[in-house]
Amino acid sequence: MAAALYGPGGFFTGGGSGPAQHFRTSVHASPLFAGALLRLVERVDAALGHPRTFDLVDVGAGRGELLAVLRTLLPAGLAGRVRCTAVEVAPRPAGLDPAIAWRRDVPEGIVGLLVATEWLDNVPLDVADLDDHGRLRLVLVDPATGKETLGGPPDAADLFWLSRWWPRAARAEIGWPRDTAWADAVRCVRRGCALAVDYGHLRGERPALGTLTGFRAGRQVPPVPDGSCDVTAHVAIDSAAGAAGTPYEIVSQRKALKALGIDGARPPVDLARRDPMGYLRALSAAGEAAELIDPAGLGGHWWLLHRINLDEHGSMLK
């Protein structure tokens, strides 16, 4: 999985057109998503007492689309204080706003907001499955064909994680590498918040057969790890939350976006008579909002939000 995604010629590092050509995320679905994040930025900024420099860091930034939109939305009081940083293993895309820094690692000492939108589902992991004798074995995959065979048993770290977070599974995706990656990212925030938005599941609802799959050109495909497709698995959100060791809240994207002003309500019909073009714009925005909060789609994503060294208590997503 690591080689298929991040190795030479990997899906994210091969220099192609970018992930947006292969799968649709909330960032790509509508600028309304960026608008909701802007309201969260403003809440974090207020909780921090409006610092001289507000760090806005996007981990797994793709081609920098989210930060590029957010920069156009920043109000005057924030625009001069926000320092935008994209964290991505792929090379910096041509034409990206020069005000957006580009680096491969998460910067230390962040004061502001760190965002990771559909990053953790692409942090490589191993998969365990039961053999004919009911024993857990690691799944091995032929990189060229995707054909699976069973290898040796999981190691002690794998078994510890499985016993705590994914017990009694027929097939499980061993999530401690995601926990480590997320905890490391959160530790880079000195004061402020860290937000992960991703497909995921909780301990009581782990899928019996796992979630590993692939995406290519907008379609779900077998997860052949040859660099030609995205290889992804849902995130054990509660495990990642506990690993970071700071106060957190977990809510659905539907609930979070509604709290940040996105409701998907259709515009009043009388607007069509008074302002036909305005009605069409409002109707389009309502459709985009409905996609973002659809519980069977993007609205079913989880938002994991950590508070780091903030004096104020309570939810940022209410």
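Residue separation times 0.36 nm, minus the C-alpha to C-alpha distance between Thr180 and Thr53: what's the value? Intermediate values should be presented prior to the final figure.
Numbers: separation 127, 0.36 × 127 = 45.72 nm, distance 2.78 nm.
Full extension from Thr180 to Thr53 adds 42.9 nm.
Based solely on its DSSP helices, what 222 nm [θ] is calculated for the chain when runs of n ≥ 4 H residues each add -39,500 (n - 2.57) and the sum is averaged over all residues, nearest 500 deg cm²/dmol? Mind dumping the intermediate values first?
Details: 11 runs with 99 residues, N = 318.
It lands at -9000 deg cm²/dmol.
What angle, in degrees between 0 and 90 and rounded to the nearest 10, separates the Cα long axis of helix 31-47 from the longest principal axis of the Cα atoms of the chain?
The angle comes out near 80 degrees.
If we sort 61-67, 208-214 on the protection proxy, mean other Cβ atoms within 10 Å, highest first, what's the order? All intermediate terms of the calculation are to be shown ahead of the outcome.
Numbers: 61-67: 23.1, 208-214: 15.9.
In descending order of packing, they fall as 61-67, 208-214.
Just in region 64-133: which trypsin sites (Lys or Arg not before Pro) are loop by DSSP and have at most 11 other Cβ atoms within 10 Å?
On the way: sites: Arg71, Arg81, Arg83, Arg103, Arg104; in loops: Arg81, Arg104.
Within region 64-133, the qualifying trypsin sites (Lys or Arg not before Pro) (loop, at most 11 other Cβ atoms within 10 Å) are Arg104.
Quick one, can you get me the convex hull of the C-alpha atoms of region 121-192 expressed as volume per residue in Å³?
On the way: hull volume 8.1 nm³, N = 72.
Convex hull of Cα atoms, per residue: 112 Å³.
Report the relative contact order of region 126-172, percent, no decimals, based on alpha-carbon pairs under 8 angstrom and at least 6 residues apart.
35 percent
Could you tell me how many degrees, from 0 to 90 and to the nearest 10, lie between the Cα long axis of helix 156-165 and the main elongation axis, the longest principal axis, of the Cα atoms of the chain?
Orientation of helix 156-165: about 50 degrees from the principal axis.
Which of these, Phe160, Phe33, Phe215, has the largest mean-square fluctuation under a Gaussian network model of the chain (Cα springs below 10 Å)?
Maximum among the listed residues: Phe160.
So, counting K/R as plus one and D/E as minus one, what does the shell of residues with Cβ under 12 Å around Arg71 add up to?
Values: positive: Arg83; negative: Asp58, Glu65, Asp97.
So the surrounding residues net to -2.
Can you give the local net charge around His306? Use residues other than it whose beta-carbon is closer than 12 angstrom to its beta-carbon, Lys and Arg +1, Asp and Glu -1.
Values: positive: Arg187, Arg191, Arg307; negative: Glu249.
Here the count lands on +2.
Can you run the Rg to Rh ratio on the chain? Use alpha carbon positions and the Kirkwood inverse-distance Rh. Before the final figure, lay out the partial values.
Working: Rg = 20.4 Å, Rh = 20.7 Å.
In the chain, Rg relative to Rh is 0.99.
Between Leu209 and Thr246, what is the FRET efficiency for a Förster distance of 25 Å, r being their Cβ-Cβ separation, to the nearest 0.05? It would help to have the intermediate numbers written out before the result.
Working: r = 33 Å, r/R0 = 1.30.
It comes out at approximately 0.15.
Between region 47-71 and region 133-186, what is the separation of their alpha carbon centroids in Å?
33 Å
Just to confirm the filter: which trypsin sites (Lys or Arg not before Pro) across region 130-177 are DSSP coil and have at most 15 other Cβ within 10 angstrom of their Cβ?
Details: sites: Arg135, Arg137, Lys147, Arg164, Arg168, Arg171; in loops: Arg135, Lys147, Arg168.
Counting only loop positions with at most 15 other Cβ atoms within 10 Å, the trypsin sites (Lys or Arg not before Pro) in region 130-177 are Arg135, Lys147, Arg168.
What is the sum of charges around Asp121, taking Lys and Arg as +1, Asp and Glu as -1, for the other residues whose C-beta is under 12 Å from the C-beta of Asp121?
On the way: positive: Arg178; negative: Glu118, Glu173, Asp198, Asp230.
Cβ neighbours under 12 Å give a net charge of -3.
Mind checking which of Leu257, Phe33, Gly80 is farthest towards the positive end of the chain's charge dipole, using Cβ charges of +1 (Lys, Arg) and -1 (Asp, Glu) about the Cα centre?
Gly80
Hey, got the dipole for the chain? About the Cα centre, +1 on K and R Cβ, -1 on D and E Cβ, debye to the nearest 20?
Values: 34 positive and 36 negative charges, 165 e Å.
The dipole magnitude comes to about 800 debye.
Lys/Arg Cβ at +1, Asp/Glu Cβ at -1, dipole of region 126-172 taken about the Cα centre: which of Trp165, Leu150, Val139 is farthest positive-ward?
The residue sitting most towards the positive pole is Trp165.
Read phi for every residue in region 83-92 and hand back ³J(HN,Hα) as whole Hz from Karplus 6.51 cos²θ - 1.76 cosθ + 1.60, θ = phi - 60°, with x for Gly and Pro.
In residue order, the calculated couplings are 10, 8, 9, 9, 10, 7, 7, 6, x, 4 Hz.
Rule-based calculations on the coordinates, nothing more; no lab input. Small disclaimer: the values here were computed from a predicted structure and weren't measured. Here Cβ is always computed from backbone atoms with ideal geometry, including for glycine, and neighbour counts include all displayed protein chains.
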